[in-house]
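Undergrad: Got a structure here, written out as structure tokens. Questions coming.
The values are calculated or read from the model by the stated rules, or taken from the named source; none is laboratory data. Keep in mind that what you see is a predicted model, and the values were worked out from it rather than measured. Because the Cβ atoms are built from the backbone with ideal geometry, glycine has one as well, and the counts that use them run over all protein chains shown.
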Amino acid sequence: MKTLIKNGTVVNSTGTATADVLIDGETIAAVLAPGSSLLGFDVESNVDTVIDARGKYVIPGGIDAHTHMEMPFGGTNASDTFETGTRAAAWGGTTSIVDFVVQYAGENILDQYHLWHEKAAGNCAIDYGFHQILSDVQDSSLVAMDELLAEGVSSFKLFMAYKGVFLSDDGQITKAMQKAASNGSMIMMHAENGSVIDLLVQQAVAAGNTSPLYHGLTRPWQAEEEATHRAIMLANLTGAPLYVVHVSARQAVDQIAAARDNGQNVFGETCPQYLYLSLEEQLGAQSGEWGAFEGAKWVCSTPLRSRKEGHQHHMWQALRTNDIQMVSTDHCPFCMKGQKDMGLGDFSKIPNGIGSVEHRMDLLYQGVVDKKISLERWVEVTSTTPARMFGMYGKKGVIQPGADGDVVIYDPNGHTSIGLNKTHHMNMDYSAWEGFEIDGHVDTVISRGKVIVDDNRYVGTKGDGKYFKRGLSQYLI
Ligand code: URP
Ligand code: ZN
Ligand code: ZN
Ligand code: ZN
């Protein structure tokens, strides 16, 4: 099967050109000047399918490097399965995810890793890789880090919060970092001071402050800044590369920027919710179908931050200047009915997470329209850097010969209305992005040479997506 995408504007992180893209089987075979021949053969008359992309962007498929499909968390399971979540991702122009294998304290890491393969295999619409969550780091965890590396799991998430669930203490974190420094893997950090947060939560609930807003007020920016700084210092001590996940506080951004200025391998990820949404408008919402509980829709950790304090503005700026390197969703959806509502009367029982896997490419494209980032930067933060950061670049994250045929045709003259009854395909009973309007549209999504979304129709098949064995990070300095 050969496909020619002709006359499109090909956008890579390195630049933009009008070009034809030839995909042969699962792989990009050539990027050609429009209408050119290849070794004397007329290309167009020698392919099976021709797609005219005139006036549209041809970009490498999105890579969402932070998802939690069907994650057991907060006494329930994230509501998207690998099947529903990856199909929604495809709808939105994402052709790869990296999901987190969960190990709770006491569970066998390798058993969990195999369990996640069982959940995903044969169910995914797009390619997938895995990071490994390590809770309560033990000597056996260090052995598992070497074993998993050979399986293509080259990044390990640790937690400085969620005591008794995920939290590792500083000694345990240091041990895992020493291992990462020696085997070349990446440490990913949930950077919030868990002890401080646990105390503030206890005090808020005891004082009868139980509405969703208090989820944010009990996880203040100081708890994020402090933990981010501590993680950076432990990474400095051990020499481990450090990737701070879901950064929301401007003060945490500044810690990351300072470490990078200092020459350290420290990287920051943010998410669309920290660019667009706020503590005041969403988490503190007091009206809507759920009344005073409306804010539960946006309970996630790190929490949404105050717009008055300027976090969102600072985050866009950091994204533009590469103080923050990339955008993932932290897709961890829960329905309001039967899941989020477990926290009616006590915000600390609301399962933490927001669903956005379908909308990341659109939401970030709106940043291009609004002149917050360039077109090339859009591709870089949503595809190229995720590929380089997590050892996929060359096959993923770029339109060039030899890369996987993961291509999105994006229409800058199209329009996307986001909402539960509009473009939403995630398994949720609400949308965290209800009412957002995007001046662009995902037209065609191609995964390893196969069209899976074709102008508002899903035409792929469950199981199209395959496990991607990742290498070491290609982003280290
Ligand atoms: O609220 C969140 N972020 N839920 C997912 C788990 C995590 O910490 O990433
Ligand atoms: Zn986290
Ligand atoms: Zn997460
Ligand atoms: Zn369209």
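Undergrad: Would you be able to tell me the number of residues in the range 151-170 that are closer than 30 Å to D406 by Cα and assigned to a loop (DSSP other than H, G, I, E, B)?
TA: Matching residues across the range 151-170 total 4.
Undergrad: Output the number of residues of the range 406-427 satisfying the condition of being away from ligand 3 (no atom under 16 Å from the Cβ) and out of contact with any Ser or Thr (no Cβ under 6 Å at 6 or more places or on another chain).
TA: Residues that pass the stated criteria total 13.
Undergrad: Which one of V143, V153 is within 17 Å of the chain's Cα centre (by Cα), away from ligand 2 (no atom under 16 Å from the Cβ) and of a type in the set (V, I, T)?
TA: None of the other options fit; the residue is V153.
Undergrad: Further question on the same structure: Restricting to the range 331-350, count the residues that are under 27 Å from P386 (Cα atoms) and touching a helix residue (DSSP H, G or I) at 6+ places or on another chain (Cβ under 9 Å).
TA: Residues flagged as under 27 Å from P386 (Cα atoms) and touching a helix residue (DSSP H, G or I) at 6+ places or on another chain (Cβ under 9 Å) within the range 331-350 amount to 3.
Undergrad: Another question, if that's okay. Can you tell me which residue is surrounded by the most Cβ atoms within 10 Å (Cβ to Cβ) among those in the range 40-59 that are modelled with pLDDT under 95 and of a type in the set (S, T, N, Q)?
TA: Here the residue is N46.
Undergrad: Which of the residues that make up the range 197-219 are away from ligand 2 (no atom under 16 Å from the Cβ) and either under 23 Å from the mean Cα position of the chain (by Cα) or among the hydrophobic types (A, V, I, L, M, F, W, C) (or both)?
TA: L199, L200, V201, A204, V205, A206, A207, L213, L217
Undergrad: Whether any residue in the range 364-379 is closer than 24 Å to C300 by Cβ, hydroxyl-bearing (S, T, Y) and under 16 Å from the mean Cα position of the chain (by Cα) is what I want to check.
TA: yes
Undergrad: Further, regarding this structure: Kindly indicate whether any position in the range 71-90 is without any contact (Cβ under 8 Å) to a residue 60 or more places away in the chain, within 16 Å of ligand 3 (Cβ to nearest atom), among the acidic types (D, E) and crowded, with 16+ Cβ neighbours inside 10 Å.
TA: The answer is no, given that none of the residues of the range 71-90 is without any contact (Cβ under 8 Å) to a residue 60 or more places away in the chain, within 16 Å of ligand 3 (Cβ to nearest atom), among the acidic types (D, E) and crowded, with 16+ Cβ neighbours inside 10 Å.
Undergrad: Can you go through G288, G295 and tell me which one is away from ligand 3 (no atom under 16 Å from the Cβ) and on the phi > 0 side of the Ramachandran plot?
TA: Going through G288, G295 in turn, the sole match is G288.
Undergrad: Turning to a different aspect of this structure: Within the range 33-77, track down each residue that is over 20 Å from the mean Cα position of the chain (by Cα) and within 16 Å of ligand 4 (Cβ to nearest atom).
TA: I51, D52, A53, R54, G55, K56, Y57, V58
Yes/no per residue for (1) more than 30 Å from I452 (Cα to Cα); (2) crowded, with 17+ Cβ neighbours inside 10 Å; (3) in contact (Cβ under 8 Å) with a residue 60 or more places away in the chain; (4) aromatic (F, W, Y):
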position: G129; (1), (2), (3), (4): no, yes, yes, no
position: S135; (1), (2), (3), (4): yes, yes, no, no
position: L148; (1), (2), (3), (4): yes, yes, no, no
position: S168; (1), (2), (3), (4): yes, yes, no, no
position: Q203; (1), (2), (3), (4): yes, no, no, no
position: S211; (1), (2), (3), (4): yes, yes, yes, no
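Undergrad: Further question: Hey, any hits in the range 168-179 for a residue that's aliphatic (A, V, I, L, M) and away from ligand 2 (no atom under 16 Å from the Cβ)?
TA: Yes, some residue in the range 168-179 is aliphatic (A, V, I, L, M) and away from ligand 2 (no atom under 16 Å from the Cβ).
Undergrad: To continue, here is another question. Name the single residue that is farthest from D48 (Cα to Cα) among those in the range 448-459 being away from ligand 4 (no atom under 11 Å from the Cβ) and touching a helix residue (DSSP H, G or I) at 6+ places or on another chain (Cβ under 7 Å).
TA: The residue in question is Y458.
Undergrad: Looking at the structure I just gave you, is K422 among the basic types (K, R) and closer than 30 Å to A150 by Cα?
TA: Taking the combined requirement at face value, the residue does not satisfy it.
Undergrad: Let me ask you something else. Here are the criteria: (1) touching a residue at least 40 places away in the same chain (Cβ under 8 Å); (2) within 21 Å of M160 (Cβ to Cβ); (3) away from ligand 1 (no atom under 14 Å from the Cβ). Tell me which single one Q251 does not satisfy.
TA: Among (1) touching a residue at least 40 places away in the same chain (Cβ under 8 Å); (2) within 21 Å of M160 (Cβ to Cβ); (3) away from ligand 1 (no atom under 14 Å from the Cβ), the lone unmet condition for Q251 is (1).
Undergrad: Only one residue in T416, T384 is buried (at least 21 other Cβ atoms within 10 Å of the Cβ), over 20 Å from the mean Cα position of the chain (by Cα) and under 22 Å from H331 (Cβ atoms), so which one is that?
TA: Going through T416, T384 in turn, just one is buried (at least 21 other Cβ atoms within 10 Å of the Cβ), over 20 Å from the mean Cα position of the chain (by Cα) and under 22 Å from H331 (Cβ atoms): T416.
Undergrad: Taking only the range 235-261 into account, find how many residues are crowded, with 21+ Cβ neighbours inside 10 Å and either within 15 Å of ligand 2 (Cβ to nearest atom) or of a type in the set (A, V, I, L, M, F, W, C) (or both).
TA: Number satisfying all stated conditions: 14.
Undergrad: Okay, next question. Kindly indicate the residue of the range 305-352 that is free of Cβ contacts under 8 Å to residues at least 60 places away in the same chain and crowded, with 22+ Cβ neighbours inside 10 Å and also farthest from ligand 3 (Cβ to nearest atom) among those meeting that condition.
TA: My answer is K340.
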